[in-house]
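Right, one structure below, let's go through it.
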């Protein structure tokens with residue numbers, strides 16, 4: 001197995017404190033071998049945040065780290081970075097209006113990137129003061145929160161109560177997401193990057209105890225849905241289920257994470273994680289991370305009905321069982 | 001209870017289960033596609049176990065039934081006046097139905113990354 005370097009995407013709405021966090025991180029001793037890519041993907045144009053970020057390039061360079069205002073595609077930029085120096089990690093800051101999904105998809109499907117980097121974390125900054133209103137009013141902010149592994153509440157030192165309100169606003173969309181605070185850009189490095197054992201943080205998300213199938217709906221319709229299935233399923237049923245998700249939920253499906261008990265390999269659960277219809281290669285764990293051996297999925301998107309999704313999985317498994325029965 | 005009666009009852013229980021599965025699968029799919037209660041309505045059909053999808057004007061645009069067959073349970077999907085098509089998988093049945101009811105809706109195709117399977 002080749003060693004891939006962790007790539008953390010830091011995203012968040014305009015003015016939510018992303019650049020401050022990046023700048024403070026680069027000032028830490030021992031993290032000089034961090035490549036920082038500042039840019040955005042998607043249809044949104046260069047915005048206020050990017051211009052500010054470009055100014056940070058000088059500060060970052062002065063600490064021995066490399067900042068790169070990326071104009072081309074992500075693969076080309078990472079290739080250029082890797083050719084220029086040896087890096088231990090990559091921090092990619094999006095613009096305030098960016099949708100992180102295309103970045104994640106690119107990192108998954110691009111042959112060079114998928115061999116070179118491993119998505120460690122998607123960290124989302126939410127401003128304690130403006131965050132709740134921004135999440136309520138802007139689809140971009142909701143998508144960022146929906147796609148995050150961890151949400152950092154910023155500026156809560158200015159108003160402690162506002163920090164709690166912002167945390168609740170985030171929880172309304174993402175009851176499963178890891179929450180932490182960042183004051184003046186200070187954040188522990190482990191909150192940005194993956195655990196040392198290289199296990200994706202998604203493991204911890206899906207292995208957290210959760211109620212049986214339920215939905216956390218919200219006015220704006222982006223919801224987090226949890227499914228739990230006790231009986232193991234066929235491997236092909238899992239593939240068909242993912243296909244059914246992609247086909248029927250289409251653009252409403254933002255993210256899928258799951259740890260799945262497979263009939264053909266009951267001791268080695270399969271870990272699936274995808275952004276919209278693009279999935280990482282299925283990861284097979286050597287063993288179950290806990291005593292809980294049920295299959296668990298966390299899906300984030302719009303119009304996701306937990307009862308129907310569970311019925312679809314059950315129906316597909318039943319059909320596969322019927323087709324493979326001797 | 002004689003064997004025949006028990007068998008018939010078992011078949012009825014199974015048939016009711018098939019009916020409710022059909023109804024719930026189709027209702028959920030229409031909802032996921034964003035068409036239920038907007039442009040389409042789901043009603044029990046004339047044939048046993050069939051469910052009809054009506055458009056806003058009451059016209060039947062599709063009917064769906066799940067039934068036993070020599071190859072096991074299958075999905076029978078009829079579109080308008082056309083003949084029924086049979087699908088052994090709910091995935092392909094819904095794909096066919098969606099292509100007729102909301103062909104403009106974007107449907108993702110699962111794409112797995114090219115990195116090594118960890």
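All of the numbers you see were taken from the coordinates with simple rules; none came from a lab. Every value quoted in this text rests on a predicted model; they were computed, and no experiment measured them. Cβ sites come from the backbone with ideal geometry, for glycine too, and all protein chains shown count toward neighbours.
Summary table
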| read-out | value |
| --- | --- |
| Peptides A:155-167, A:307-319 ordered by average Cβ neighbours within 10 Å, highest first | A:307-319, A:155-167 |
| Inter-label distance, nm, simple model (7 Å from Cα along the C-beta direction), residue B:81/residue B:106 | 3.6 nm |
| Equivalent-ellipsoid semi-axes of region A:71-172, from the Cα gyration tensor, Å, largest first | 31, 14, 11 |
| Exposure proxy ranking, count of Cβ atoms within 10 Å, fewest first, for A:265, A:224 | A:265, A:224 |
| Computed E for residue A:27/residue A:285 - FRET, C-beta separation, R0 45 angstrom, nearest 0.05 | 0.75 |
| Region B:64-108: C-alpha gyration tensor shape, a/c 1.5 cut-off, then a/b vs b/c | oblate |
| Per-residue mean of C-beta atoms belonging to partner chains within 10 Å, peptide B:69-76 | 2 |
| For region B:23-118: rounded, prolate or oblate by the Cα gyration tensor [a/c cutoff 1.5] | oblate |
| Cα gyration tensor category, rounded, prolate or oblate, for region A:278-324 with a/c compared to 1.5 | oblate |
| Segments B:89-95, A:186-192, A:253-259 sorted - mean Cβ within 10 Å per residue, highest first | A:253-259, B:89-95, A:186-192 |
| Per-residue average of Cβ from other chains inside 10 Å of B:97-110 | 4 |
| Test item: A:241-254 mean partner chain Cβ contacts at 10 Å | 6 |
| Label-to-label distance, nm, for residues given as residue A:322 and residue A:158 (7 Å Cα→Cβ offset) | 5.9 nm |
| FRET efficiency estimate (nearest 0.05) - Cβ-Cβ, residue A:264 to residue A:180, R0 45 angstrom | 0.70 |
| Distance between region A:274-303 and region A:110-126 - C-alpha centres, whole angstrom | 17 Å |
| Exposure proxy order (Cβ contacts within 10 Å, fewest to most) of A:288, B:33 | A:288, B:33 |
